[in-house]
1. Could you give me D for chain B, from Stokes-Einstein at 20 °C and 1.002 mPa s, where the hydrodynamic radius is the Kirkwood radius over C-alpha pairs? Units µm² s⁻¹, please.
2. Rank these by accessible area, largest first, 1.4 Å probe: B:Lys544, C:Lys111, B:Lys178.
3. What is the average number of partner chain Cβ atoms found within 10 Å of a Cβ in B:279-291?
4. Ranked from the most accessible area to the least, with a 1.4 Å probe and all protein chains present, what is the order of B:Val239, B:Val302?
5. Can you give the FRET efficiency to the nearest 0.05 for A:Thr90 and C:Lys383, using r as the Cβ-Cβ distance and R₀ = 35 Å?
6. Do any of B:Lys59/C:Lys7; B:Lys81/C:Lys178; B:Lys491/B:Lys560; A:Lys89/C:Lys334; C:Lys279/C:Lys345; B:Lys292/B:Lys333 go past 24 Å between their Cα atoms, and which?
7. Please give the net charge around A:Lys111, taking every other residue with its beta carbon less than 13 angstrom from that of A:Lys111, where Lys and Arg add +1 and Asp and Glu add -1.
8. With an 8 Å Cα cut-off and a minimum separation of 6 or more residues, compute the relative contact order for chain A in percent.
Amino acid sequence: MTDCKSLILELADKYGRERASLLPILQGVVERNNYLSDTCMTDIANELDLSAAQVYGTATFYSFLDTQPRGEYVIRVCKTITCDMHGKKTIVQTLEDMLKIKIGETTPNKKFTLLETNCLGWCHEGPAMLINDTPYSGLTTEKVHDIISEFIKK
Amino acid sequence: MAKKINLTIDGITVAVDEGTTILEAARNLNIHIPTLCFHEDLCVAGNCRVCVVEQEKVKNLPASCATPAAEGMVIHTNSMKVRMARKHIVELLLSEHNADCTKCYKNGNCELQGLASQMLTGDHLFLDLVPDKKYTIDMFNTAIIKDDSRCIRCQRCVRTCEQLQSVSALGVAYKGNKMKISTFFEHSLFEVVCTNCGQCVNRCPTGALIERNYIDQVWDAIYDPNKHVVVQTAPAVRVALGEALGMATGKIVTGKMVAALRRLGFSSVLDTDFTADLTIIEEGHELLTRLKKALVDKDPTVSLPMATSCSPGWIKFIEHTFPEYLPNLSTCKSPQQMFGALAKTYYAQKRKLNPKDIVSVSIMPCTAKKFEANRPEMRSSGYKDVDFVLTTRELGIMIKQAGLDFEELPEEKFDSFMGSSTGAAVIFGSTGGVMEAALRTAYEIVTGREVPFDGLNIVAVRGTEGEVREASIKIDKVKPEWSFLEGVELKCAVANGLAHAKTLMQNVRDGKVTYHFIEVMACPGGCLGGGGQPIPTNKEIRTKRKIAIYEEDMGMPIRKSHENPEIAEIYKEFLGQPLGHKSHELLHTHYTPRKRY
Amino acid sequence: MSHQTLKRVDLIFGEYSNEKYKILATTLARTNDDILKDLLDSGLRGRGGAGFPTAMKWRFTAETPSDEKFVVCNADEGEPGTFKDREILLRVPRKVFSGMAICGKVIGAKKGYMYLRGEYKFMVPELQKELEIYHEHMRQLNHDFSIEIRMGSGAYICGEESALFESMEGGRGEPRNKPPYPTTSGFMKKPTVINNVETFVNVLMIMRLGADQYKKLGTTDSRGSKVFSVSGDTPIPGIYELELGMPLDRFVDEFGDGDTKAVQVGGASGFCVPRKKFKDTVIGFEGVPTGGSMMIFNSSRSMYNVLHNYLEFFEEESCGQCTPCRVGCQQLLKGIVAVKKGEKKAVYLDQLMKLSESMKITAKCGLGQSVANSFSSIVNNFKEEMIY
Ligand SMILES: Cc1cc2nc3c(=O)[nH]c(=O)nc-3n(C[C@H](O)[C@H](O)[C@H](O)COP(=O)(O)O)c2cc1C
Ligand code: SF4
Ligand code: SF4
Ligand code: SF4
Ligand code: SF4
Ligand code: FES
Ligand code: FES
């Protein structure tokens, strides 16, 4: 986790201090810290001369800009129709069993957060999921076991 | 001249200027299309969709508020398609709405309710979504209550807070079925940058944003035989109260208001205008003192420009947003708080009352005054200086509750003392008024002559709303004791609405402008457009109230604060001299920086 | 029984997939009128769903006077069942950049943006590399048109053009009132052309082939080829480039699993076509249009579940600003659940149908307006499944 103030200065220097820079900055913070803390958001607001409520309102609009603490690896399982038809429920079950958390929760060691999301654009290879930015498709129970085991080792 | 556009609405062909919306064109024809998210003061949102109309040869129903008239358009505002769609939309709004109107403060004065009754929505077409929602009510604030269960998400409040006030304490959060109006992280309005100006409350079409009302507490005090209940009324109340009671806009109802207050049972009906005059004396001297320190003593710690401090919304704005400018605020309390402090000291002494038996009530055009009265700083009398603050709207409700026929009441006069005032105090209710009143007095103190303006009217500071106005007065032929001001050009600026105040302060901060004295009122148009004024308030209405205020000033026998006889009396009997020890104790204060979120 | 009956095309992915910006160079040397004329002749209509004639869009923008204009490539691809833009950007990014640069020349823009959905962030390093090559070529051609990637962050509605601009400007992706249209007021309120990824590729191929050659593909109303994203109950899911204007029964013959009950054409916001209508349904702007999504359902699937899934999608992905869509989606979802559970009588479905009709004509943007497409096509064609 990077210190908010310096991170935001760095991002603002890179992307600018216009309103249009807000999204790249929010994305940059999430990339580094996994989520947007309240202090991060107030710092961003001050840096861009916006109100904190405006920053909060923008962040909460986007499902990838989490305002709740998230684990190091955020797993988002597609719940839209073709993935659902092809066994998304089993995939979620497998993940819940392996990580011992439910959808929406984070493991106590703050390593994994398990979420559902809408269509990821891998419908022809569903079920699919994202772990942070990386897509995984054609999921089966075995495949999920292999993938998650690798992450657990990391 | 703007290009003309011809269109047909409900069979009537009209020509309108290019850029006119279908809604405006219809209103010109006295065809009333219902609206909810639309408000004259705000940019168009086009999100509620109740204003849809049918356009021939077009599949979808355009939102009339958001669609400019186009050549040859044929519009039907009440076709079968429109009626069905409109009814669906209102039914949808009601389905996610906690519509127990009889428990709602806005009952009888609610735009949603009005539409629902127009549309006979009794049959509840759709399922009730309220049980699925986790609505919350923010009750922590002393001025404003926010009840999400009554919100129709029209975003009027959000646009108000952003566009008129540049505060953006309220925003839109989340999306889809979770979309809601929210402060930062859903904190209470009490904790965030909200200035309590109440502009959002004034524009909320429903009961989702309302003032915290103290009507019952005030009735209790009135009925309590052991209490002496004094009431003060702010300058801007008398130009708007009539509207809340069915009278025409822009009618001054001072005499009837006094009569009504007496009939409600207040022990003594007094006037905030009195302390407005007092503010001018204190603030005028403070300004002159600061100028002396700066010009003669070359004291680098003196903060100029000095800024007025009558508007509690403005004060809180500075505390949050420009805390480095706190020293620039005049240390004078607002007239309301000066009055409160004197009510439980000077007034109590003179009337031989125990201050603990006095309940001090104020009638204000303002919701921020409720917050101000509850500030810990505001207890210099040893008690809470002002116990309850009611808005113009709340007074309107009390008058209705008491069954008074307001229009038929006789014109009565304020009690004395602390009831007499001047034209200078009256204009406090409008943007530029404090500045004008202060100049009338300060100039005369310094030069011994009246301000060099026709009929004492310093028109330059009046101007129109929505801009920062500047004025300068050359001071010459001064009295000997003010010789340091000889030839000084006194530079002033006036702003109303916090969005303009922000621009002004940014310019000051960036060194783009230099002033000696600035007046800021948090609300558009000044107090006459306050958040506690009757609903609706919009530019047209504010203009009428403003005209009324300046007419009232012209009609007053005394038009300069320092000529108010009761003011001379209070200095003689009680305060001693302006900025004296007693004044400092009772009439001046200081503020503290606050977090910005 | 799967036999090749549909004509495969190799326009988008084929020839010149690794082109060294040759067509771009020759096109930039042509006059704007000439380019626009070719585009108009080609009959190209946008591939993002709405099917607006591309030449018109460009011409309107070119004709709007402004100190600054923009080209935006809509790569937000969020429609359930669509994944063709990802494939195009992975395989032929240069064709996309070329199409954007041609647009820039025609309308007089110096700056292009690609709005890429957050879900495709993994592609960014590769695209950036390609962009460097592109910019290098532009320097050699001495032509000033740069392209920058902007990322979405998980909001389907940001694919709607005006919501996309709001998002690029740093706000919530709430669609704007129209008019004004992007051709006069788009990104930063400046005249902007926004086109789908595939549309830009088509432009380039028209420049390559000439309008006449291009027009040989497809039908009068639907010129050219289309990249289809095929998913669901099919033995051969994936990306296919096919001629537009094909009859649905032939598509099902080829892609179905022999037991196809319905095809959802155009994603969750498109139409559900039941078996009995396959024969009479043409895929194209004259029939059922699609941004490319073809989801196939066989008889083991509950269409109630399908609709339920769509409505959940819309209820979450609506921006939430306008009443018909925000509340309407919730009502439709809650309504079908109530009917299914028997808490509401079957006739309540008629009430919901009327509601969806109102949503269609009163919602502020395409999202709310198109919920009725899948809702009414599923409820009408599979009523029993909604009730029992
Ligand atoms: C809810 C909604 C989502 C949309 N998503 C996309 C999208 O992901 N990609 C896209 O190209 N167009 C999308 N569109 C259509 C765009 O608004 C716009 O019409 C299109 O980008 C224009 O490009 P075209 O003319 O090349 O089709 C969407 C429209 C709506 C209403
Ligand atoms: S906000 Fe209006 S409709 Fe809602 S409960 Fe109050 S009075 Fe009734
Ligand atoms: S009271 Fe004023 S500052 Fe507070 S939320 Fe309302 S408009 Fe904004
Ligand atoms: S709080 Fe009032 S003004 Fe604000 S969105 Fe809700 S109903 Fe509209
Ligand atoms: S139709 Fe839906 S997505 Fe579109 S503006 Fe309305 S609420 Fe937003
Ligand atoms: S439905 Fe899951 S990736 Fe599209
Ligand atoms: S009043 Fe026109 S959309 Fe709300």
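The values are calculated or read from the model by the stated rules, or taken from the named source; none is laboratory data. In this text, all values refer to a predicted model and were calculated from it rather than measured experimentally. Because the Cβ atoms are built from the backbone with ideal geometry, glycine has one as well, and the counts that use them run over all protein chains shown. These area figures cover heavy atoms from the full protein model, side chains too; ligands, DNA and RNA do not enter into them. Shrake-Rupley method; radii C 1.70, N 1.55, O 1.52, S 1.80 Å.
1. In µm²/s, the coefficient rounds to 85.
2. On the way: B:Lys544 95, C:Lys111 50, B:Lys178 125 Å².
Listed by decreasing accessible area, they come as B:Lys178, B:Lys544, C:Lys111.
3. Details: counts 0, 0, 0, 0, 0, 0, 0, 0, 0, 0, 0, 0, 0.
Averaged over the peptide's residues, the number is 0.
4. Details: B:Val239 0, B:Val302 30 Å².
Ranked from most to least accessible, the order is B:Val302, B:Val239.
5. The pair A:Thr90/C:Lys383 has a calculated efficiency of 0.70.
6. From B:Lys59/C:Lys7; B:Lys81/C:Lys178; B:Lys491/B:Lys560; A:Lys89/C:Lys334; C:Lys279/C:Lys345; B:Lys292/B:Lys333, over 24 Å: B:Lys59/C:Lys7; C:Lys279/C:Lys345.
7. Charge balance near A:Lys111 sits at +2.
8. On the way: 225 pairs, mean separation 28.8, N = 154.
With pairs under 8 Å counted, the relative contact order is 19 percent.
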